[in-house]
1. Tell me which residues, restricted to the stretch 73-104, are touching a residue at least 12 places away in the same chain (Cβ under 8 Å) and either surrounded by fewer than 16 Cβ atoms within 10 Å (Cβ to Cβ) or not in a helix (DSSP H, G or I) (or both).
2. How about the stretch 1-49: which of its residues are out of contact with any helix residue (DSSP H, G or I) (no Cβ under 7 Å at 6 or more places or on another chain), small (G, A, S) and either farther than 20 Å from V147 by Cβ or in contact (Cβ under 8 Å) with a residue 24 or more places away in the chain (or both)?
3. Can you name every residue in the stretch 115-135 that is open to solvent by 20 Å² or more (accessible area, probe 1.4 Å) and in contact (Cβ under 8 Å) with a residue 40 or more places away in the chain?
4. Going by the conditions given, is Q188 at pLDDT 95 or above, out of contact with any strand residue (DSSP E or B) (no Cβ under 6 Å at 6 or more places or on another chain) and farther than 27 Å from V67 by Cβ?
5. Which residues, counting only those in the stretch 36-55, are open to solvent by less than 70 Å² (accessible area, probe 1.4 Å) and at positive phi?
6. Does the stretch 64-72 contain any residue that is over 21 Å from the mean Cα position of the chain (by Cα), at negative phi, loosely packed, with under 15 Cβ neighbours inside 10 Å and among the acidic types (D, E)?
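The values are calculated or read from the model by the stated rules, or taken from the named source; none is laboratory data. Source: prediction; values computed, not measured. Cβ sites come from the backbone with ideal geometry, for glycine too, and all protein chains shown count toward neighbours. Side chains included, ligands, DNA and RNA excluded: accessible areas come from the protein's heavy atoms. Shrake-Rupley method; radii C 1.70, N 1.55, O 1.52, S 1.80 Å.
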Amino acid sequence: VFESIREDILSGRYEQNTELKETAIGAELGVSRTPVREALRQLELEGLVSIIPNRGAYVNMITAKDVQDIYVIRSMLEGLCARWATEHITREQLDNLEETLCLTEYHTEKKNYDKLYELDSLFHEQLYEAGGSRILNHVLSDFHDYVKMVRKATPVAALCSWWLGKRLKRLQRKVEEHRAIFEAIRDQDADRAEALAKEHVKHTIESIRAYGLDKIL
């Protein structure tokens, strides 16, 4: 119930300040009001819902500042994740990362932008798992989900092909940054892996601002 409501909020199904009625949501999902109420309380903790006593629960949409904050926080946490991945990654996980990189390099050459977006997400998901921390994996995955869902619900999605088409150099740079992070982890250089992962996310923030997408989000 929690995941369903959260996805509906982040995908743009509900507008800002829309009232989330327990009875209606329960009927739609085929559950009683109790799990809906608990889900709304969890969403309030995430900042996606405001519960006003004696009035109800209302939607808080992710703002442009929220997205920028997420990227800044991610830059720190992804650095930590890369460090831990250096310490805990298995041979199989390392091979999976390298396979994803090879596919990314292939599709970059072919300019298959939709596939590149998918592979970019996969690389980060594999990195989170390699970090060996359920808690860090959960936090970073949530942040990553927020950004992915918000993109789908904003004009950025419509601009995506244009943006990627015009910014091939940035795409190539991202692939190079992923490759550098991978090599640092492979070489068990935790300091370098952490620094590179932080810089990678910071470069994404700079790109968003440079292309004016922060004004659209």
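1. I73, M76, E87, H88, I89, T90, E98, listed by residue number.
2. Those that are out of contact with any helix residue (DSSP H, G or I) (no Cβ under 7 Å at 6 or more places or on another chain), small (G, A, S) and either farther than 20 Å from V147 by Cβ or in contact (Cβ under 8 Å) with a residue 24 or more places away in the chain (or both): G12, A24, A27, G30.
3. Let us first name the residues in the stretch 115-135 that are open to solvent by 20 Å² or more (accessible area, probe 1.4 Å), namely 115, 117-118, 120, 122, 125-126, 129, 132-135.
If the condition is that a residue be open to solvent by 20 Å² or more (accessible area, probe 1.4 Å) and in contact (Cβ under 8 Å) with a residue 40 or more places away in the chain, then Y117, D120, G132, S133 are the ones that fit.
4. Details: at pLDDT 95 or above: yes; out of contact with any strand residue (DSSP E or B) (no Cβ under 6 Å at 6 or more places or on another chain): yes; farther than 27 Å from V67 by Cβ: yes.
So Q188 passes the test.
5. Just the residues of the stretch 36-55 that are open to solvent by less than 70 Å² (accessible area, probe 1.4 Å), to begin with: 36, 39-40, 43, 46-52.
Scanning the stretch 36-55 gives a single hit, G47.
6. The initial filter retains those residues of the stretch 64-72 that are over 21 Å from the mean Cα position of the chain (by Cα), namely none.
Scanning the stretch 64-72, I find no residue that is over 21 Å from the mean Cα position of the chain (by Cα), at negative phi, loosely packed, with under 15 Cβ neighbours inside 10 Å and among the acidic types (D, E), so the answer is no.
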